[in-house]
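Note sheet for the following structure.
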Amino acid sequence: MSVTKQKDVTVPLLDLKIQYASIKKDTDEAIERVVNSQMFILGPEVDTFEKRIAAYLGCNRAIGVSSGTDALLVALTALDVGAGDEVITTPFTFFATVGVILRLGAVPVFVDIDPHTYNIDPDRIETVITPKTKSILPVHLYGQCADMTKILEIAAKHDLPIIEDAAQAIGAKHSGKYAGAIGTMGCFSFFPSKNLGGFGDGGMITTNDESLDEKIRVLRNQGAQPKYYHKYVGGNFRLDALQAAVLSVKLDHLDTWSAKRRANAEYYSPRLTELQLTGTKITPPRLSPDHVLNQYVIRAERRDELQAFLREHNVGTEIYYPIPIHLQECVRDGRYRAGDFPESERAAESVLALPIYAELTESQLDHVILTIKEFYDRED
């Protein structure tokens, strides 16, 4: 590379202050509107945002909930998943995907990942289906859809519902359909670091099933229908109006921000590939056309040392995720051990997320690339 590394460049993993500055006027007006209304729980702001998300994704129903974790929990509850039921999912994901299964007394049944996409390997799913299987729960990790064509075929063959964990993938597509609008239900997170992030926690469940929509709306509000008459054991899983108002403003910018993330990835990848060809021990991600880049994740030899070196040179990074779920202390029950899911375990040892947010400058991107080069060059 002919670019010269500049001094005193800082590249945080994420900088939400820049994003906020670009939409401050509209966001502040939305917040003021809610404050003036004094309608903070559900209400018209949530109704409007739900309708906008459903229209954006091309599905019939969207139900705002309190977080991405609660979206998964309520979706499983709506399917009556309970003690002894089995839910097929991946061990390489954020803990919430599996934590909600365990909270319901159900059993997570793991399937290893495709090493290129980091998503569940559909060719392995059918081998673990049993009479106890209640659902398939694929994760669209880092902003790239799992192979839903194959998963849908398997689910249809065995009459199993699919819950898509689309927490990191709003706006991603598979075969022309949006993540979260492909399976039986989709679950989204609006945690601040997501492509569509709120000013706190928030989540959404999407579905085309009217009966599931009705049940989820009751479950999110203490299971009461009507008020004080409890049809189900639900919970307080409501999306608040302030979050809905902020998210509705941000939704107008989502595709633009995702396109800029994509452009940043397309800047990184050929340059990192060029370094790889000259001996740099990293592997850029394989980018599908509909990847929305919630994270840009490389594989790196001596990953932990590289991360420390990047930190010393003012580059923020993160490891998503350092320990597969089947090896987490609170999950180990004797069914699984190290070596059972080798692709997930290899990924956990080598993945590293680089800054990818929309507002990155070219000099910041160059700083990341050249710092990686510097790390590996000093060892040659």
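Tabulated data for the structure shown
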item: Subset of region 252-295 [more than 17 Å from Leu196 (Cα to Cα) and charged (D, E, K, R)]; result: Glu266, Arg271, Glu274, Lys281, Arg286
item: Unmet criterion (only one of (1) outside any helix (DSSP H, G or I); (2) touching a strand residue (DSSP E or B) at 6+ places or on another chain (Cβ under 7 Å); (3) open to solvent by 10 Å² or more (accessible area, probe 1.4 Å); (4) not polar (S, T, N, Q)) for Ile205; result: (3)
item: Close pairs (9 angstrom Cβ cut-off, 6 or more residues apart or separate chains): hydroxyl-bearing (Ser, Thr, Tyr) in region 240-261, open to solvent by 60 Å² or more (accessible area, probe 1.4 Å) anywhere; result: Ser248/Thr48; Ser248/Arg52
item: Residue among Thr207, Thr184 that alone is of a type outside the set (Asp, Glu) and touching a Lys or Arg at 6+ places or on another chain (Cβ under 7 Å); result: Thr207
item: Flag if Ile63 is modelled with pLDDT under 95, closer than 24 Å to Phe237 by Cβ and out of contact with any Leu (no Cβ under 8 Å at 6 or more places or on another chain); result: no
item: Region 86-118 - residue that is assigned to a loop (DSSP other than H, G, I, E, B) and out of contact with any Asp or Glu (no Cβ under 9 Å at 6 or more places or on another chain) and, of those, farthest from Ile154 (Cα to Cα); result: Phe95
item: Residue match in region 349-370 (condition: open to solvent by less than 10 Å² (accessible area, probe 1.4 Å), in a helix (DSSP H, G or I), among the small types (Gly, Ala, Ser) and under 22 Å from Pro91 (Cα atoms)); result: no
item: Glu164 being open to solvent by 10 Å² or more (accessible area, probe 1.4 Å), of a type outside the set (Gly, Ala, Ser) and modelled with pLDDT of 95 or more; result: no
item: Any pair with Cβ under 9 angstrom, 6 or more apart, that starts in region 272-298 at a residue that is without any contact (Cβ under 8 Å) to a residue 40 or more places away in the chain and among the hydroxyl-bearing types (Ser, Thr, Tyr) and ends at one that is part of a loop (DSSP other than H, G, I, E, B) and open to solvent by 10 Å² or more (accessible area, probe 1.4 Å); result: Thr273/Pro284
item: Hits in region 214-238 - residues which are open to solvent by less than 60 Å² (accessible area, probe 1.4 Å) and touching a helix residue (DSSP H, G or I) at 6+ places or on another chain (Cβ under 9 Å); result: Lys215, Ile216, Leu219, Arg220, Ala224, Gly234, Gly235, Phe237
item: Qualifying residue in region 302-310 (condition: among the hydrophobic types (A, V, I, L, M, F, W, C), at pLDDT 95 or above and open to solvent by 30 Å² or more (accessible area, probe 1.4 Å)); result: yes
item: Index of the failed condition, Gly180 passing every other in (1) farther than 24 Å from Gln243 by Cα; (2) surrounded by 24 or more Cβ atoms within 10 Å (Cβ to Cβ); (3) touching an Asp or Glu at 6+ places or on another chain (Cβ under 9 Å); result: (1)
item: Residues that are open to solvent by 10 Å² or more (accessible area, probe 1.4 Å) and touching a residue at least 60 places away in the same chain (Cβ under 8 Å), drawn from region 69-84; result: Thr69, Asp70, Leu73, Thr77, Leu79
item: Restricting region 311-337 to residues that are modelled with pLDDT of 95 or more and within 24 Å of Ala106 (Cβ to Cβ), the residue that is surrounded by the fewest Cβ atoms within 10 Å (Cβ to Cβ); result: Gln328
item: Members of region 1-53 that are touching a Ser or Thr at 6+ places or on another chain (Cβ under 8 Å), outside any helix (DSSP H, G or I) and polar (S, T, N, Q); result: Gln6
item: Subset of region 309-331 [over 24 Å from the mean Cα position of the chain (by Cα) and in a loop (DSSP other than H, G, I, E, B)]; result: His313, Asn314
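To keep it simple, each residue is scored yes or no on (1) more than 19 Å from the chain's Cα centre (by Cα); (2) without any contact (Cβ under 8 Å) to a residue 40 or more places away in the chain.
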| site | (1), (2) |
| --- | --- |
| Glu86 | yes, no |
| Thr90 | no, no |
| Phe95 | no, no |
| Ile101 | no, yes |
| Arg124 | yes, yes |
| Thr130 | yes, no |
| Pro138 | no, no |
| Asp147 | no, yes |
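Table: residues versus (1) under 22 Å from Asp70 (Cα atoms); (2) open to solvent by 10 Å² or more (accessible area, probe 1.4 Å).
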{"position": "Val100", "(1), (2)": "yes, no"}
{"position": "Arg103", "(1), (2)": "yes, yes"}
{"position": "Ala106", "(1), (2)": "yes, no"}
{"position": "Val111", "(1), (2)": "no, no"}
{"position": "Thr117", "(1), (2)": "no, yes"}
{"position": "Ile120", "(1), (2)": "yes, no"}
{"position": "Thr133", "(1), (2)": "yes, yes"}
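The values are calculated or read from the model by the stated rules, or taken from the named source; none is laboratory data. Note that this is a predicted model, so its numbers are computed, not measured. Here Cβ is always computed from backbone atoms with ideal geometry, including for glycine, and neighbour counts include all displayed protein chains. The area values use the complete protein model at the heavy-atom level, side chains included, leaving out ligands, DNA and RNA. Shrake-Rupley method; radii C 1.70, N 1.55, O 1.52, S 1.80 Å.
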